[in-house]
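Worksheet: the structure to be examined is printed underneath.
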Amino acid sequence: MSDPRRVDAATNTAFVGHEWDGIEELDTPMPRWWLWTLYGTILFAIGYCIAYPAWPLIDHATAGVLGWTSHGALREELSAEAKRKAPILAALARTPITAVPGNAQLLRTATEGGRAAFKVNCVQCHGAGAAGTKGYPNLNDDDWLWGGDLATLEQTIAHGIRSPVDEATRQSQMPAFGRDGILTAPQIQDVVSFVRYASHQEAASAAARRGAALFAANCAACHGDTAHGTRALGAPNLTDAIWLYGGDRATLTETVTNARSGMMPAWGQRLDPVTVKMLALYVHGLGGGEAAPAP
């Protein structure tokens, strides 16, 4: 190891005393601009810690002399946005839902607001594209259990289906024909044969003819004599190719045996009326919405 007091003649810089294979290290000082930058960042950090929240404590952080917080800034931004939107939201609140499509500005605002609300509240069941999945209806087609006009959609969204917290919710109950002993297993298979015949999935057969008689006695009260469904009861059309749970024999057997009773939340308990209205307008505009029924 070299003598650390030695000075390099070429640079007039002292050696630090380290040597590797004859190569010695000089104690070259840092550039002055680098040191001033370092000192500046230290001073900035001290000032920042004094002015803004910085040091975590047990249940909060130091407040900072300026009193600024990210939560406070967010509240101010949200308040400003709420004030900006207030006039058009008030107009939406005043306007009957059936009249909104006649106002381009209101409809545009409602559609975008409904789209945002759908992404937050509805995609978990109906999917990002509202195409649904087994047990959760597709909102893009024109098949509606309870009706697809604007007023009906608003009612459905606000009060839900079989919601335990809303007295105005839509209610219907399919009997569990097998579990409750109303029909025997062979009779259930005959009913399934009839339903599959009515939905053009099977050819006419003796089982389907027996099932037609059982259907008339047990199912027509809700699904209608022709199995086209009854919207007032939320009873589906059994003659088309659209199935909420599935139209294969095994799934239909399960449905008839144990029944189905899907539930939709009463969003009026969680969302304000304007948001419910915007959701109804957005869903109606997806492509499967219907015109208001004739008076």
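The values are calculated or read from the model by the stated rules, or taken from the named source; none is laboratory data. Small disclaimer: the values here were computed from a predicted structure and weren't measured. Note that each Cβ is placed from the backbone with ideal geometry, even for glycine, and that neighbours are counted across all protein chains shown. Each accessible area value is taken on the protein alone, full model and side chains, heavy atoms only, with ligands, DNA and RNA left out. Shrake-Rupley method; radii C 1.70, N 1.55, O 1.52, S 1.80 Å.
Here region 131-148 is the region considered, the condition is being open to solvent by less than 60 Å² (accessible area, probe 1.4 Å) and polar (S, T, N, Q), and the residue that is nearest to PRO236 (Cα to Cα) is ASN138.
Is it the case that region 184-194 has a residue that's surrounded by 16 or more Cβ atoms within 10 Å (Cβ to Cβ) and among the hydroxyl-bearing types (Ser, Thr, Tyr)? Within region 184-194, one or more residues are surrounded by 16 or more Cβ atoms within 10 Å (Cβ to Cβ) and among the hydroxyl-bearing types (Ser, Thr, Tyr). Only residues that are more than 17 Å from ASP240 (Cα to Cα) and touching an Asp or Glu at 6+ places or on another chain (Cβ under 7 Å) were counted across region 191-207, and they come to 1. Is it true that ILE46 is of a type in the set (A, V, I, L, M), free of Cβ contacts under 8 Å to residues at least 24 places away in the same chain and within 30 Å of VAL65 (Cβ to Cβ)? When the stated conditions are applied, ILE46 passes them.
Residue by residue, here is whether (1) on the phi > 0 side of the Ramachandran plot; (2) touching a Phe, Trp or Tyr at 6+ places or on another chain (Cβ under 9 Å); (3) among the aromatic types (Phe, Trp, Tyr); (4) buried (at least 18 other Cβ atoms within 10 Å of the Cβ) holds:
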residue	(1), (2), (3), (4)
ALA82	no, no, no, no
ILE97	no, no, no, yes
GLN105	no, no, no, no
CYS122	no, yes, no, yes
HIS126	no, yes, no, yes
GLY129	no, no, no, no
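One residue stands out in region 69-100 among those that are without any contact (Cβ under 8 Å) to a residue 40 or more places away in the chain and in contact with a helix residue (DSSP H, G or I) (Cβ under 7 Å, 6 or more places away or on another chain): the one that is farthest from ASP149 (Cα to Cα), namely ILE88. Of the residues examined, VAL276 is not one that is at pLDDT 95 or above and in contact with a Leu (Cβ under 8 Å, 6 or more places away or on another chain). Within region 149-183, the set of residues being surrounded by fewer than 18 Cβ atoms within 10 Å (Cβ to Cβ), over 20 Å from LEU238 (Cβ atoms) and β-branched (Val, Ile, Thr) comprises VAL165 only. Out of all the residues in region 237-260, is one or more of a type in the set (A, V, I, L, M, F, W, C), under 20 Å from ASP166 (Cα atoms) and in contact (Cβ under 8 Å) with a residue 24 or more places away in the chain? For region 237-260, residues of a type in the set (A, V, I, L, M, F, W, C), under 20 Å from ASP166 (Cα atoms) and in contact (Cβ under 8 Å) with a residue 24 or more places away in the chain: absent. Taking region 10-31 as the search range and keeping residues that are more than 60 Å from the chain's Cα centre (by Cα) and aliphatic (A, V, I, L, M), which one is most open to solvent (accessible area, probe 1.4 Å)? Selected residue: ILE23. Restricting attention to region 90-130, the residues that are of a type in the set (A, V, I, L, M, F, W, C) and either under 12 Å from the mean Cα position of the chain (by Cα) or at pLDDT below 95 (or both) total 9. Among the numbered conditions (1) farther than 30 Å from VAL276 by Cα; (2) of a type outside the set (Asp, Glu); (3) without any contact (Cβ under 8 Å) to a residue 40 or more places away in the chain, tell me where GLY129 comes up short. Every condition holds for GLY129 apart from (1). When you scan region 32-39, do you find a residue that is outside any helix (DSSP H, G or I) and over 40 Å from the mean Cα position of the chain (by Cα), even just one? For region 32-39, residues outside any helix (DSSP H, G or I) and over 40 Å from the mean Cα position of the chain (by Cα): absent.
Applying a threshold of 6 Å to beta carbon distances and a minimum spacing of six or more residues, or different chains, the list of pairs starting in region 213-226 at a residue that is under 17 Å from THR257 (Cα atoms) and ending at one that is assigned to a loop (DSSP other than H, G, I, E, B) reads HIS223/GLY229; HIS223/LEU238. For ALA250, state whether it is open to solvent by less than 20 Å² (accessible area, probe 1.4 Å) and not aromatic (Phe, Trp, Tyr). Answer is no for this residue.
Against the numbered list (1) within 13 Å of MET278 (Cα to Cα); (2) not in a helix (DSSP H, G or I), THR98 comes up short only at (2).
Each residue in region 11-31 was checked for being not small (Gly, Ala, Ser) and not in a loop (DSSP other than H, G, I, E, B), and 10 pass.
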